[in-house]
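The values are calculated or read from the model by the stated rules, or taken from the named source; none is laboratory data. Note that the structure is predicted; figures quoted are calculated from it, not measured. All Cβ positions, glycine included, derive from the backbone under ideal geometry; neighbour counts span all protein chains shown. With ligands, DNA and RNA removed, areas are computed over all heavy atoms of the protein, side chains included. Shrake-Rupley method; radii C 1.70, N 1.55, O 1.52, S 1.80 Å.
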Amino acid sequence: AVVSTQSTGAVSRQEYREALRCYEKCITIDSGLVPAHLNSALCHLKLGNHTKAVECSNKVLSIEPDNIKALYRRATANKALTKYMLSAKDLKYIVEKDSGNKAASDLLDQVKQLWEVQLREMVTPASSFPTTPSTTPNKTTTPAAKKGKKVTIVADSDSEEDEEEKLPPPQPAPSKPTTERTKPASKTTTEESKSEENKSEENKNEEGKGAKPWMKKNGGAGSLSGLGDAPTAYSFLQHWSAYKKKKDITQFAKVLESCDPKSFPKLFSSSIDVDMVVAIVDAVDKYFIPGNKHEKAIQVLQAVTKVQRFDVMTMLMSVKDKSTISNVFKRLQGDTATINTIHSRFS
């Protein structure tokens, strides 16, 4: 009792180190004393010892798994440690258990915002877009055999053109002046040359990053009236960017329709976020269901749940988003068990 009184007084005076010593004495007497571990977590939070705060909270939760204060303090510590997923998980559990817990709800909103920023920063242009392997060969220098001059040696090169230094070409013999005038190229030859250049340029464009070889441009650029090969992660990301600008859900839905659902984990591996998940469900609502394409809609939604980080995205969704998604699932037709299973993943 004396120890308890001393620790309480120390906390009220904000003497957290002194309070910790009191709680440690209590734990020495009874290692299962929940209030001592719980208050130790609080003191560690105040002192900025966030890892220790997590450890003390874990002690409490090993005894009382549903202890709200321990969950909240662990979530607070993990937020400070930038472990936003762990923090959001605890806070979401608290809010589900007690919807009136405003402190947990407010902290969850903060964590979601921080977590989303963290995820966006992780998806850098280098990871989102395929990079072209550098054609510049690795170069090393070695002394020349006789004169001590450094000569660049090109490693793993099949082409002499890649070498940095080459022997000077032999000088051509001076040509004799001629009185013959060079005949200008005929008009036909010039046009054929331009035609070949245009064709070559078109082929380069098709091979470049900006090309969309999986789309047949019937009825204008970017038309999806006819589809060729399946989209790549890069070309899909281009369409996602276009959707965010134009908000053309029908066009985005047609892109989804052209995809093999089995390819979704690879297509969305680095680009999936909350907005994309919501847009996919919106495409189901406004394109697949009205078009009576329920089977394809189910395949698309099921494939999305298999994408890495999908569970993270559902945790970041707002209550409004989840309510909208639930209404879409109610309109789906098909195997009820399958639809319910998929819906539970979105909840």
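Which value, in Å³ per residue, describes the convex hull spanned by the Cα atoms of the range 253-347?
84
Using a simple spin-label model with points 7 Å from Cα along the Cα→Cβ vector, what separation in nm is obtained for Ser344 and Ser62?
Placing both labels 7 Å beyond Cα along the Cβ direction yields 3.1 nm.
Can you list the residues of the range 315-347 with backbone N under 15 Å from a point 7 Å past the Cα of Asn292, pointing along Cα to Cβ?
Hits in the range 315-347 for Asn292 at 15 Å: 333-334.
Return one whole number: the accessible area per residue of the range 244-347 in Å², for a 1.4 Å probe.
49
Would you please put 331-337, 239-245 in order of how densely packed they are, using the mean number of other Cβ atoms within 10 angstrom per residue and starting with the highest?
Result, highest mean Cβ count within 10 Å first: 239-245, 331-337.
Between Glu121 and Ile29, what FRET efficiency follows from the Cβ-Cβ distance if R0 is 35 Å, with the result rounded to 0.05?
Working from the Cβ atoms, E equals 0.15.
Over 25 Å between Cα atoms, which of Lys52/Lys322; Lys89/Lys293; Lys112/Lys320; Lys59/Lys83; Lys89/Lys296 qualify?
From the list (Lys52/Lys322; Lys89/Lys293; Lys112/Lys320; Lys59/Lys83; Lys89/Lys296), the Cα-Cα distance tops 25 Å for Lys52/Lys322; Lys89/Lys293; Lys89/Lys296.
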